[in-house]
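Structure first, commentary second.
The values are calculated or read from the model by the stated rules, or taken from the named source; none is laboratory data. Predicted, not measured: the structure shown is a model, and the values here were computed from it. Note that we place each Cβ from the backbone using ideal geometry, even for glycine, and neighbour counts take in every protein chain shown. Surface accessibility is based on the protein's heavy atoms, side chains included, excluding ligands, DNA and RNA. Shrake-Rupley method; radii C 1.70, N 1.55, O 1.52, S 1.80 Å.
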Amino acid sequence: MTLDAKGSRMLDTLGIVEACFASSRARIKAARKLGTKSVLEWIIRRMTDCEQLDGVLVVTNDDPENRIIQELTPLDVPVFASRRPDVLGSLAAALEEYGCRSVVRMSAERPFVDPSLVDRLVCAARTELDCDYASYASRNGRPAVLSPIGVFAEWFRTDALRLAARKARAPEDRDNPTRYVCSHPERFRICLLPAPAAIDRDDVRLTVDIEEDWENALAIFEALGPEELDWQRIAHLLDHQPAMRRRMAALNRVYAPS
């Protein structure tokens with residue numbers, strides 16, 4: 001569907017690809033190519049493939065260096081450039097322009113986000129009364145979006161994101177909505193689904209944070225092709241790549257999220 005700002009129709013669930021890049025390194029990563037598409041375009045297309053989203057929006061800020069976001073985004077997907085420098089402020093500003101009841105947020109550094117997992121998450125969140133935040137839970141109980149697995153997204157009720165934007169003060173909270181919401185269970189009702197065990201592993205790393213991650217992403221892409229990148233096929237491929245899994249496990253230990 002066409003997504004228009006200040007439209008008369010209230011959307012149910014809006015997909016947001018968050019690209020509030022604060023460094024040239026992040027912008028370079030977003031512009032790198034997987035096949036014929038940039039990483040950013042690849043993530044956007046994975047989100048537009050989701051059946052439970054009413055539209056997809058790219059959110060960035062008005063840093064002049066982030067003009068590249070507009071160039072990398074397909075013409076059929078709008079870009080909202082916020083005047084706020086932080087992520088929470090930018091998301092809240094976008095939601096003032098694009099009315100919706102809930103949001104699925106995806107970082108612009110996760111090219112293997114899986115549409116089927118996004119759709120499952122949205123359906124589950126809709127069945128939970130008063131749910132403010134929903135995601136998959138890793139085996140350690142933390143939201144899987146905080147892990148380097150890289151196939152998961154997260155769902156927010158719009159009013160919960162707005163409340164977080166009003167209340168969060170610490171810079172690290174304003175740049176990480178997940179951190180703020182999940183550290184305040186007294187304010188937000190958090191609903192976590194168990195992550196699929198076949199992909200929720202210490203020796204899986206599908207984010208593209210460092211150069212070796214990029215090399216692994218290219219190897220997976222070349223082995224499976226652009227049409228076969230669902231999480232099950234990736235997990236099956238990695239089952240037969242013990243050397244790659246061992247190296248991913250080592251990287252996960254070195255770059256463990258805080």
* Asked: Which one of these is open to solvent by less than 30 Å² (accessible area, probe 1.4 Å) and over 20 Å from A137 (Cα atoms): A165, A243, A219?
  -> A165
* Does L193 satisfy being at pLDDT 95 or above and assigned to a strand (DSSP E or B)? -> yes
* Which residue pairs have Cβ atoms closer than 9 Å, lie 6 or more positions apart in sequence or on different chains, and pair a first residue in region 143-156 that is surrounded by fewer than 24 Cβ atoms within 10 Å (Cβ to Cβ) with a second residue that is acidic (D, E) and assigned to a loop (DSSP other than H, G, I, E, B)? -> P148/D209
* Of the conditions (1) touching a helix residue (DSSP H, G or I) at 6+ places or on another chain (Cβ under 8 Å); (2) without any contact (Cβ under 8 Å) to a residue 24 or more places away in the chain, E211 clears all except one; give me its number. => (1)
* Got at least one residue in region 77-97 being modelled with pLDDT under 95 and among the basic types (K, R)? -> yes
* **Selected residue (criterion: farthest from A124 (Cα to Cα)) from residues of region 30-57 that are open to solvent by less than 30 Å² (accessible area, probe 1.4 Å) and part of a helix (DSSP H, G or I)** => A30
* Do the conditions hold for E109, that is, is it within 23 Å of L218 (Cβ to Cβ), in contact with a helix residue (DSSP H, G or I) (Cβ under 7 Å, 6 or more places away or on another chain), of a type outside the set (V, I, T) and in contact (Cβ under 8 Å) with a residue 24 or more places away in the chain? -> yes
* Asked: Can you tell me which residue in region 168-190 is surrounded by the most Cβ atoms within 10 Å (Cβ to Cβ), limited to those that are part of a helix (DSSP H, G or I) and in contact (Cβ under 8 Å) with a residue 60 or more places away in the chain?
  -> P177
* Asked: Which one of these does F80 not meet: (1) within 17 Å of L11 (Cβ to Cβ); (2) part of a loop (DSSP other than H, G, I, E, B); (3) open to solvent by 30 Å² or more (accessible area, probe 1.4 Å)?
  -> (2)
